[in-house]
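Down below is the structure, laid out as structure tokens.
Quick note: the coordinates plus some simple rules give every number you see, no bench work behind them. This structure is a prediction, so every number in the text was calculated from the model and none was measured. Glycine also receives a Cβ, built like all others from the backbone with ideal geometry; neighbour counts cover every protein chain displayed.
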Amino acid sequence: MTIMYSIRGLGACEEVGRSAFVLDFGEKFLLEYGLKLAPEGVEYPQNLNENIKAAIISHAHLDHSGYLPYFYTKSECLSFMTQPTLEIADILWLDSIKIAEFEGMAPKYTKREVERTHKYNFVAPYRKELHLSDDVSLEFFDAGHILGSAITKLTHNNKSFLYTGDFKVEETQLHKGADLGMGKTDYVLIESTYGDREHPNRKEEEKKLCESVQETVDNGGWAIVPAFAVGRSQEVIDILTSYNITADIYLDGMGKKVANLYLQHADLIKNPKKLKTGLSRARWIQGAKDRKEVLKKPCVIVTTSGMMKGGPVVGYAKQLMNDPNSKIHLTGYQGDKTPGRLLQDEGKLFFEDEKPVKVSCKYEKFDLSAHPGQNEMIGALKKWSPRKVFLVHGDKKVMPIFKEKIEAEVGAKTEILKTNKKIDFD
């Protein structure tokens, strides 16, 4: 008897952001429930109408976890994630409520729903098989993306389905790289962020960043490093101290709270002693008074947000964008229509409702991506040897290129998920 499975994308289909997928694999599972922080406002996944057996969250970034508390305005099913994912997501959820209230908007969920999320959550370690029902089991594997990130393997009647979430095969300063040792699998749902290209040599990029930062301060300027609060802020501090930057290094924004969690889960970090040394050397900004002090003497400022949309980086950029000796060092993916993307592409900046203006400071993009390049993903798929591959979490123009590459080199039938379109497979 042939059993039919299905998958439907509620978000992150031909786009990056608001990941959410309904997988019918023996039972119905919600893989991710994220949101998208777009320039026009927050974008949410499509309506969820199915009766869900369990929700599974790969990692804490808001585009994967940010809408989960809203799920618990009605649902009472269990959710599964790692312990660090729950702890980091909790910081982000509560911050989202605070930001919405500050901007005069009604938040989509309250602290009550966040508490309900905790109530129905089951934290799972890596490489421990859990039975979600009589016929379906779950196992997490380290994804190498950020602290607590997981590749999800679901098994039903000797068939296996792998969801990568965001993952990184190559080693970084903080992580050893993804654990790909889950064996062969029948079906793979894989991210496609860099499905059309490779990343430059990571060590060379780290060296370039450190040389640029040091040169900026030596020339009497401030080196601003916009960085994501989760993962990137901590990694940049680790990189800068590893290369013995002689300038003062400051850490500002939500990255400070997350840094403490990284230290608490030292067993999941490649070199926790080195990270601890770097974080203890950096000076942590505590408020407006400290931010004024920082601008009195050239230094390095690692601060949120990574795409320059909100956060302390806005204040620093406004002060220094017309200083020809200062430089903004972009270190991560810059979403469409974000201030960071406009700076990267056109050398202009805008904040909130202000018009874009040309900057006089220097700027440069450094590739410290926590996502795999095309060859990393093709190598992983060859290891897993799937019969079928589904593509999500990528730009519309990138995904057909990646699909063609997979079918040519891996030999697996590959489909690109479309928003709200269900794909049946056996």
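Two decimals is fine: what's Rg over Rh for segment 111-201, C-alpha atoms, Kirkwood radius as Rh? Rg/Rh: 1.03.
Summing Cβ point charges (Lys, Arg +1; Asp, Glu -1) relative to the Cα centre of segment 202-365 gives a dipole of roughly 320 debye. Placing a label point 7 Å from the Cα of Gln46 along the Cα-to-Cβ line, the residues of segment 354-398 whose backbone N sits under 20 Å from it are 389-398. Near Glu113: Cβ cut-off under 13 Å, other residues only, Lys/Arg at +1 and Asp/Glu at -1. The net charge is +3. Taking 0.36 nm per residue of separation and subtracting the current Cα-Cα distance, fully stretching the chain between Lys355 and Lys292 would add 20.1 nm.
Would you calculate the convex hull of the Cα atoms in segment 202-365 and tell me its volume per residue in Å³? Spell out each step's value before the answer.
Values: hull volume 17.6 nm³, N = 164.
For segment 202-365, the hull spanned by Cα atoms encloses 108 Å³ per residue.
Measuring nothing but alpha carbons in the chain and taking Rh as the Kirkwood radius, the Rg to Rh ratio lands at 0.97. Placing unit charges on each Cβ (+1 for Lys and Arg, -1 for Asp and Glu) gives the chain a dipole about its Cα centre, and among Pro84, Pro386, Leu263 the Cα reaching farthest toward its positive end belongs to Leu263. Projecting the Cα atoms of Gly373, Ala317, Ala178 onto the charge dipole of the chain (Cβ charges, centred on the Cα centre) puts Ala317 farthest toward the positive pole.
Using 7 Å Cα-to-Cβ label points, what is the Lys176/Ser280 separation (nm, one decimal)? Inter-label distance under the simple model: 2.4 nm. Using a simple spin-label model with pseudo-atoms 7 Å out from Cα toward Cβ, Ser242 and Lys396 lie 3.9 nm apart. Here the Gaussian network model covers the chain, with springs between Cα atoms less than 10 Å apart; of Ala12, Ala106, Ala223, Ala106 fluctuates the most. A straight Cα-to-Cα reach below 19 Å connects Lys422 with the lysines Lys28, Lys53, Lys388, Lys396, Lys403, Lys413, residues fewer than 8 places away in its own chain not being considered. Separation of the alpha carbons by more than 19 angstrom is noted, of Lys176/Lys274; Lys256/Lys297; Lys208/Lys397; Lys289/Lys327; Lys270/Lys327; Lys337/Lys358, for Lys256/Lys297; Lys208/Lys397; Lys289/Lys327; Lys270/Lys327.
In this label model, Asn260 and Asn201 are separated by 4.0 nm, measuring between points 7 Å along each Cα→Cβ vector.
Shown for Asp323, Asp218: other C-beta atoms within 10 Å of each C-beta, ranked fewest to most, produce the order Asp218, Asp323. Here the contact order of the chain, divided by its residue count and restricted to Cα pairs under 8 Å and six or more residues apart, works out to 19 percent. A helix-only calculation puts the chain at -9000 deg cm²/dmol for mean residue ellipticity at 222 nm, using -39500 (n - 2.57) for each DSSP H run of at least four residues, averaged over all residues. Each part reduced to its alpha carbon centroid, segment 236-292 and segment 62-104 end up 25 Å apart.
Largest first and in whole Å, the equivalent-ellipsoid semi-axes of segment 1-101 read 24, 16, 12, each the square root of five times a Cα gyration tensor eigenvalue. Segment 302-337 and segment 166-188 have Cα centres separated by 31 Å.
Taken about its Cα centre, the chain carries a charge dipole of roughly 560 debye when the Cβ of each Lys and Arg holds +1 and the Cβ of each Asp and Glu holds -1. Each of Met308, Ala288, Thr216 was scored by the projection of its Cα onto the charge dipole of segment 202-365, and the greatest displacement toward the positive side belongs to Ala288; charges sit on the C-beta of Lys, Arg, Asp and Glu.
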